[in-house]
Every structure is written in C-alpha cells, then in structure tokens.
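The values are calculated or read from the model by the stated rules, or taken from the named source; none is laboratory data. The shown structure was predicted, so the numbers you read here are calculated from the model rather than taken from an experiment. For neighbour counting, all protein chains shown are included, and Cβ atoms are generated from backbone atoms with ideal geometry for every residue, glycine included. Each accessible area value is taken on the protein alone, full model and side chains, heavy atoms only, with ligands, DNA and RNA left out. Shrake-Rupley method; radii C 1.70, N 1.55, O 1.52, S 1.80 Å.
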Amino acid sequence: MEMNFEQKQLTEQLFLNREYNISHPTYDTELNFYNIICEGNIEQLKEIYSDKTFFDSERGVLSDHPVNNARYHLIVTITMISRFCIEKGLNEQKAYGLSDVYIRKADRATTIDELRTIHRKVVFEYANEMDRLKTKEIIPKNLRLALDYIYNHLNEHIKILEITEYVGISESQLRRDFQTYLSTTPAEFINEKKIEFAGNKLVYTDISYVDLANDLGFASHSHFIKIFKKYTGMTPAEYRNKKYRKHFIDR
C-alpha cells in the first residue's frame, strides 16, 4: 500500500532520529516532571531541574531554526503544565492567565538564553502556585468556594452579598473566615486580585486605562486609579511605563 505524504515524512523523520541519535524523553520521564510541578514539590524540582535538559537536541527538532525550535518546545511545555495543574486543582483563570503571559514572553524572545530564563520562571511559578494551593487545602470548603467565585468574576463589580448567596453562608461568617485563614477582608482580597490582574494587563497588552477599569468592574476610572495606587504605590500609567521599559529594554 502506497504511503501518503505525512506517512513518508514520519518515516523519514524516524530514520533521521536513528541516524543522528535523536530521541525524545520517555513518557514516564515527562509525567514525572509534570507531576513534581503539580505537587508543588519545590525542593525536588530544584534537584531535577536543568536548563539544558529542555533545550538540547534530545528534545527533538520542531524547527530548523534553533531559536524557533526552543520556542516551540517551550510553548508546548507551558501548555502542558497549565493543563496538568488545572487537573490538580489550580484555578482555571489563574492557570490560563499564567499560560498566556508566558507564551507571549516566549513569542517575543529572540535568543535561546531568553527562552531558558522564561522556561525556568514558568516552571517554578506554577510549582509555587501549586505549593500555595496545598496550603489552602486546610481552609474550609466555604472559603474555597468564595475564592473560586472571586477568581471567576474578577471582571465584574463583585458584591459581598453575591458571594454569600453563592456559598450559602452569612456575611459575618464570610468575614470571619477571611480574617481567620487569610488575614484580610473579602473587599481587600477582591481589590488585591483585581490589581494583580490589572498589572499583568498593563505590562503585556495595550489596553487603555479606561477600558481596563471597566473590564474589572470599577465604578469609575478615577476609583480604579486610586485603588491601583493604594496597592502598587504607582498610578496605572506610571506602572506601565516602569514595567514596560524594564521588560523590553532589558531585551
């Protein structure tokens, strides 16, 4: 039976892999790597982590251009890590948000050294998120539900009453839980997470300040600026200028 074009390409690639001793890591090896991240096992990750491991010829060739080859491998790694972490309980919005941020960084990188740095950062950031998630497992189910509601509605004006109705507890109980387990109030937590989200948007997108304020459910542009400065010490414009220049000039 005659092979189609894709089958011929696969046959040729397997021949070249054997000829030049190119091999992919075993499936078990990759699973172990992702599982260490998902478990938030920082110490074990430090022991096994090597920049070279994920950019040498044994990873296979996805592009004839060395930088693009490393870039594509990095994007695959980021995508896989985000999905594995979601399966282990990481909030979807946070997992996808981190993935988007780091894939955009990979897209802008121009050298393999830059891609190595991004790889290390993304691997350990996801691992740290999973480590924090393990700590959060000691908090009560009601509070976990409240946190999920907040993360999933950051682009809205979140009312405390909406959270309590979703979780099924009183406002006083909600406030006690936040204070006991997170040492903060629901309102402070909501604002903190909105500003974290806003900071990423300011650095990695061209969104206007007015649109960002609207997207995050702030009552007005001026209120957004006031809250942003409270948490960062800078106005949105100052934050963008500082972080944007640092991010791109360093390249």
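A few remarks follow.
- Selection from segment 71-122 of residues that are over 15 Å from the mean Cα position of the chain (by Cα), without any contact (Cβ under 8 Å) to a residue 24 or more places away in the chain and crowded, with 17+ Cβ neighbours inside 10 Å: Tyr72, His73
- Condition met for Glu162 (modelled with pLDDT under 90, more than 30 Å from Met80 (Cβ to Cβ) and either part of a helix (DSSP H, G or I) or not hydrophobic (A, V, I, L, M, F, W, C) (or both)): no
- Set Lys194, Lys229, Lys134: member being open to solvent by less than 40 Å² (accessible area, probe 1.4 Å), out of contact with any His (no Cβ under 7 Å at 6 or more places or on another chain), within 27 Å of Asp100 (Cβ to Cβ) and of a type in the set (Lys, Arg): Lys194
- Test: residue in segment 141-148 that is among the acidic types (Asp, Glu) and not in a helix (DSSP H, G or I): no
- Filter pass, Ile150 being among the β-branched types (Val, Ile, Thr), within 17 Å of Glu192 (Cβ to Cβ) and either at pLDDT below 90 or open to solvent by less than 30 Å² (accessible area, probe 1.4 Å) (or both): yes
- Filter result for Ile169 (assigned to a helix (DSSP H, G or I), of a type in the set (A, V, I, L, M) and either modelled with pLDDT of 90 or more or surrounded by 15 or more Cβ atoms within 10 Å (Cβ to Cβ) (or both)): no
- In segment 209-251, the residues that are farther than 12 Å from Lys194 by Cα, of a type in the set (Gly, Ala, Ser) and at pLDDT below 90: Ala219, Ser220
- Any hit, segment 97-108, residues being among the small types (Gly, Ala, Ser), out of contact with any strand residue (DSSP E or B) (no Cβ under 6 Å at 6 or more places or on another chain), closer than 21 Å to Asn200 by Cα and not in a helix (DSSP H, G or I): no
Yes or no, residue by residue, for (1) of a type in the set (Asp, Glu); (2) at pLDDT below 70; (3) surrounded by 11 or more Cβ atoms within 10 Å (Cβ to Cβ):
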{"position": "Glu2", "(1), (2), (3)": "yes, yes, no"}
{"position": "Gln9", "(1), (2), (3)": "no, yes, yes"}
{"position": "Asn17", "(1), (2), (3)": "no, yes, yes"}
{"position": "Phe54", "(1), (2), (3)": "no, yes, yes"}
{"position": "Asn69", "(1), (2), (3)": "no, no, yes"}
